[in-house]
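The values are calculated or read from the model by the stated rules, or taken from the named source; none is laboratory data. Computed from a predicted model, the values in this text were never measured in an experiment. Using ideal geometry, Cβ is built from the backbone for each residue, glycine included, and neighbour counts are taken over all protein chains shown.
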Amino acid sequence: MKANTELFRVFSTVLRREMRVSFASWGEGLNPLLFFVMVVTLFPLGVGPEAKQLAAIAPGVIWVCALLAMLMSLDGLFASDHRDGTLEQWVLSGQPLSLIALAKVCSHWLRTGLPLVLMSPLLGVLMNLPAATLSTLAISLLLGTFILSLVGAIGAALTLTVKQGGVLLALLVLPLSVPVLIFGAGAVQAVAEQRSALGQLSLLAAGVMAALALAPIGIAAALRVGVASGD
Amino acid sequence: MFKWIHKFGSPPFVYGVSKAISPWIGVASLILFAWGLYMGLVKAPPDYEQGEVYRIIYVHVPAAWMSMFVYVVMAISSAIFIIWRLKLADVVAESSALIGASFTFLALVTGSIWGRPTWGTWWEWDARLTSELVLLFLYLGYMALRAAIEHPQSAARAAAILAIVGVINIPIIHFSVEWWNSLHQPATITRADGPKMHISMLIPLFIMLGAFQLYYFHHLLVKMRAGMLMRDRRARWVSERVEGGRL
């Protein structure tokens, strides 16, 4: 019991610190959201404003844009911590690195994933999605962006010492995010065709559980490699 | 037991063994290739539905099988490298990456060529082709990560972690793609499924599988020798071999 409260204290300390840091530069934190909104807006300009056509491609478009926005925000997730030595202190602290990494990922998701989720119904309206699908869109993004944060953080940790690792990060993470995209966009599509999206959403929820259990181990292992390399 | 592992994992010993056996494996692979191609292209009867076109499976199916086999080899040796720090396991993973990517590419190209007469298009978003494409991306990501990290030891460990993450994801990707495909496409495409094949068509396929497998082992052993020389280029056993002309 005591050990549990101790672990929780580590988690909440790191989470609170991260949130405070991100609120200090909150303008920067909004960039992925702006990217998301702007790229979705480009699609009607590119394919034409015809309502039916927009509605047909909307689930895929919104989901791909959310995926790319998450990916952009992941680049350099651990960079400043690595530069100023915070990462080294985490490794040396004697606390489980995977737990600290999980706190870091949670703060990343609260900062970038959650705003995307909240903005998504509005974009759904812009893209002429039927009203019934908007809640499914938000729920699928809620689950899916969290998986993307967790899996993407492994990629961010692996590319820690790579200069200009942004493109490389995309190469590593995009193939791994294929299932999230399929089930996320599939859920919205299903509701648009008046079918149940329960299957897709359950699979996404299962993905959250699996990623929650396994990804922190991978992130911690990758961070240790980055810290050990010393440059 | 540990002495045995130590001996088996030591580069000078493995170099010698590899040098001794790789030519034989190469020759065996060539013989199987010749036999399998003769059986497949000449002896096997034409398919009653697809005619002669189906014969591309004698390259396509072994390539697709090897593309997955090599990734699993890569992931297992990566895990061995991470857990026991066995450098040789990393040489296996590193040497396998390009070979595996080539098999994947070959499977995609032959699949596309096969698709033209049977499905009428060069590219069909078929579940198996699509997951093969994602597999190619995984291989390319692995090689890109390896090339991007300057410090060789960090590169090896980071790449190993990526290979393990990838192998956990491959079944999930495969399942999701299959599911996506069944939703978006009515199952009207007819294709020759394995179990329905006649035995006279299956035997050449198994011979070709053996040929591809042996080719991989041969190529792996040769590439591993180069990898070991590169890694241990300052070690005594390498300079002894160079001076003795026994490379």
So A:Met209 fits all but one of (1) in contact with a helix residue (DSSP H, G or I) (Cβ under 9 Å, 6 or more places away or on another chain); (2) more than 7 Å from chain B (Cβ to nearest Cβ); what number is the exception? (1)
Given the conditions (1) surrounded by fewer than 18 Cβ atoms within 10 Å (Cβ to Cβ); (2) more than 10 Å from every other protein chain (Cβ to nearest Cβ); (3) over 30 Å from A:Ala51 (Cβ atoms), report the number of the one that A:Val167 does not fulfil. (2)
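Residue-wise test of (1) surrounded by fewer than 24 Cβ atoms within 10 Å (Cβ to Cβ); (2) under 23 Å from A:Ala221 (Cβ atoms).
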residue: A:Ala101; (1), (2): no, yes
residue: A:Pro115; (1), (2): yes, no
residue: A:Ser120; (1), (2): no, no
residue: A:Pro130; (1), (2): yes, no
residue: A:Ala138; (1), (2): yes, no
residue: A:Leu142; (1), (2): yes, no
residue: A:Ser149; (1), (2): no, yes
residue: A:Gly152; (1), (2): no, yes
residue: A:Gly155; (1), (2): no, yes
When you go through B:Val42, B:Val27, B:Val17 one by one, which is the residue that is over 27 Å from B:Gly244 (Cα atoms) and in a helix (DSSP H, G or I)? B:Val42
Any residue at all in the range B:81-98 that's assigned to a helix (DSSP H, G or I), more than 14 Å from B:Ala156 (Cβ to Cβ) and among the hydrophobic types (A, V, I, L, M, F, W, C)? yes
Subset of the range B:98-128 (residues that are surrounded by 20 or more Cβ atoms within 10 Å (Cβ to Cβ) and either without any contact (Cβ under 8 Å) to a residue 60 or more places away in the chain or within 14 Å of another protein chain (Cβ to nearest Cβ) (or both)): B:Gly100, B:Ala101, B:Thr104, B:Ala107, B:Leu108, B:Gly111
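Of the residues B:Leu37, B:Leu30, B:Leu41, only one is surrounded by fewer than 17 Cβ atoms within 10 Å (Cβ to Cβ), at pLDDT below 95 and within 17 Å of B:Phe212 (Cα to Cα); which? If you could, list the steps in order and put the result at the bottom.
Numbers: B:Leu37 fails: surrounded by fewer than 17 Cβ atoms within 10 Å (Cβ to Cβ); B:Leu30 fails: at pLDDT below 95.
Residue meeting the stated conditions: B:Leu41.
Kindly indicate whether any position in the range A:31-41 is in contact with a Lys or Arg (Cβ under 9 Å, 6 or more places away or on another chain) and not acidic (Asp, Glu).
Taking the range A:31-41 first, the residues in contact with a Lys or Arg (Cβ under 9 Å, 6 or more places away or on another chain) are A:32.
Going one step further and asking which of them are not acidic (Asp, Glu), we end up with A:32.
So far as the range A:31-41 goes, yes, one or more of its residues are in contact with a Lys or Arg (Cβ under 9 Å, 6 or more places away or on another chain) and not acidic (Asp, Glu).
Any chance the range A:196-204 includes a residue that's part of a loop (DSSP other than H, G, I, E, B), buried (at least 18 other Cβ atoms within 10 Å of the Cβ) and either among the hydrophobic types (A, V, I, L, M, F, W, C) or more than 10 Å from chain B (Cβ to nearest Cβ) (or both)?
Filtering the range A:196-204 down to residues part of a loop (DSSP other than H, G, I, E, B) leaves A:196-197.
Then drop every residue that is not buried (at least 18 other Cβ atoms within 10 Å of the Cβ), which leaves A:197.
Still in the running and either among the hydrophobic types (A, V, I, L, M, F, W, C) or more than 10 Å from chain B (Cβ to nearest Cβ) (or both): A:197.
Among the residues of the range A:196-204, at least one is part of a loop (DSSP other than H, G, I, E, B), buried (at least 18 other Cβ atoms within 10 Å of the Cβ) and either among the hydrophobic types (A, V, I, L, M, F, W, C) or more than 10 Å from chain B (Cβ to nearest Cβ) (or both), which makes the answer yes.
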Is there a residue in the range A:39-52 that is without any contact (Cβ under 8 Å) to a residue 24 or more places away in the chain, out of contact with any Ser or Thr (no Cβ under 8 Å at 6 or more places or on another chain) and of a type in the set (S, T, N, Q)? no
Quick one: is B:Gly36 in contact with a Pro (Cβ under 8 Å, 6 or more places away or on another chain) and touching a residue at least 12 places away in the same chain (Cβ under 8 Å)? yes
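Determine, yes or no, whether B:Ala155 is surrounded by 20 or more Cβ atoms within 10 Å (Cβ to Cβ), touching a residue at least 60 places away in the same chain (Cβ under 8 Å) and of a type in the set (Gly, Ala, Ser). Explain how you work it out, then say what you get.
On the way: surrounded by 20 or more Cβ atoms within 10 Å (Cβ to Cβ): yes; touching a residue at least 60 places away in the same chain (Cβ under 8 Å): no; of a type in the set (Gly, Ala, Ser): yes.
Against the criterion (surrounded by 20 or more Cβ atoms within 10 Å (Cβ to Cβ), touching a residue at least 60 places away in the same chain (Cβ under 8 Å) and of a type in the set (Gly, Ala, Ser)), B:Ala155 does not qualify.
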The conditions are (1) buried (at least 24 other Cβ atoms within 10 Å of the Cβ); (2) closer than 17 Å to B:Val134 by Cβ, and A:Val225 fails exactly one of them. Which is it? (2)
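Confirm whether B:Arg55 is among the basic types (Lys, Arg) and closer than 30 Å to B:Arg236 by Cβ. Steps first, answer last, please.
Details: among the basic types (Lys, Arg): yes; closer than 30 Å to B:Arg236 by Cβ: no.
For B:Arg55, the condition - among the basic types (Lys, Arg) and closer than 30 Å to B:Arg236 by Cβ - is not met.
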Would you mind finding the one in A:Phe11, A:Phe43 that is farther than 24 Å from A:Met209 by Cβ, at pLDDT 90 or above and among the aromatic types (Phe, Trp, Tyr)? A:Phe43
For B:Leu162: the one exception among (1) away from chain A (no Cβ under 14 Å); (2) under 18 Å from the mean Cα position of the chain (by Cα): (1)
